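Some notes on the structure that comes next.
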Amino acid sequence: MRRRRKRKMGLVKSKSTSPNATKDIQIMEDLKYLPDELLLLILSWVPGRGLVRQCRLVCRKWRDLIDKPTLWRLQCERDPLAKPAVEAAALGSSHIDWCRISILRPFGRNLIKNPCGKNQFQHWETENGGNGWKVEDNRDRVEGAEAQTCFVSSYEWCVKSQVVDLLQEGLGEELMDAFQPDICIADWWGARDDCGCIYKIKVDLLAADRTSVVSHFTAEPDGIPQWNNAKYQQVSHVFRNYGPGVRYIRFPPRRGKTPNSGQDIMERESQIQCYS
């Protein structure tokens, strides 16, 4: 008579189950008995996109914990760039989308796309004067730059602009209206050593209609003469207490030069960053 083998209670292991898969299943079994507070703390160390795309699908308990704002706020508070703004925003607003902030990380990063021309003119709109815009390699290495390239304008006026959608970058309406984070803009510009040039900049904070200007900054530094040291200069400004309603930033520097043919004005590392 054939004896039946007794089945062990617990984890069922099939022939096709790999050791790693078995280990993962066992870990899952162990985690489900943890108190919610401890499980939430563990999950808060998982990258945000992993929480949404994988962990949230594990079971109802995990989904409910991940859907709570507490987990996402923990992640935001661990980000040294975001923490001051997150703490200040929490005092002034109770309807902040912590999940969106944690995943998109809008604080402390450059919101300008393709700031050095690494991808040619992608994300930029241009108006060409003279021989138009070009992208060239930097004459000297720029430490910390996203790419060792720069935009170069021509004689006569050239305009290069980009509109930043603050909501799309992770800054929600409640955050922009109630907290109003500092918006820091900066632009580096210069000229070839044998060319003089003129530079102007006007940055607009726009309302939801993308037309109404809530606040703006303009600058027209002294022009650079011909036969100069070919060094970059920086223009910067910080928008503070600009009022509610800001949803977009229009960044349109204008550049020109003394009327000689060729390419002359060099521009790199345009920046828009938000801080507390």
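Side notes on the structure shown:
- Residue within the range 182-199 that is without any contact (Cβ under 8 Å) to a residue 12 or more places away in the chain and touching a helix residue (DSSP H, G or I) at 6+ places or on another chain (Cβ under 9 Å) present: no
- Given (1) assigned by TED's automatic domain parsing to the domain that holds I198; (2) modelled with pLDDT of 85 or more, number of the condition N131 does not satisfy: (2)
- Residue in the range 238-246 that is under 15 Å from V163 (Cα atoms), at pLDDT 90 or above and assigned by TED's automatic domain parsing to the domain that holds F151 present: yes
- Scope the range 177-193; condition of a type outside the set (V, I, T), closer than 24 Å to A208 by Cβ and part of a strand (DSSP E or B); matching residues: D182, C184
- Single residue of D182, D137, D193 found to be more than 20 Å from Y232 (Cβ to Cβ) and charged (D, E, K, R): D182
- Counting residues in the range 95-110 that are at pLDDT 80 or above, farther than 30 Å from S44 by Cα and out of contact with any helix residue (DSSP H, G or I) (no Cβ under 8 Å at 6 or more places or on another chain) gives zero.
- T126 being touching a Lys or Arg at 6+ places or on another chain (Cβ under 8 Å), more than 30 Å from L71 (Cα to Cα) and at pLDDT 85 or above: yes
Let's see how each residue does on (1) on the phi > 0 side of the Ramachandran plot; (2) at pLDDT 60 or above; (3) surrounded by 13 or more Cβ atoms within 10 Å (Cβ to Cβ):
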{"position": "S18", "(1), (2), (3)": "no, no, no"}
{"position": "D24", "(1), (2), (3)": "no, no, no"}
{"position": "E29", "(1), (2), (3)": "no, no, no"}
{"position": "L43", "(1), (2), (3)": "no, yes, yes"}
{"position": "L57", "(1), (2), (3)": "no, yes, no"}
{"position": "R60", "(1), (2), (3)": "no, yes, no"}
{"position": "L65", "(1), (2), (3)": "no, yes, yes"}
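The values are calculated or read from the model by the stated rules, or taken from the named source; none is laboratory data. Just so it is clear, the structure is predicted and the values come from calculations on it, not from any experiment. All Cβ positions, glycine included, derive from the backbone under ideal geometry; neighbour counts span all protein chains shown.
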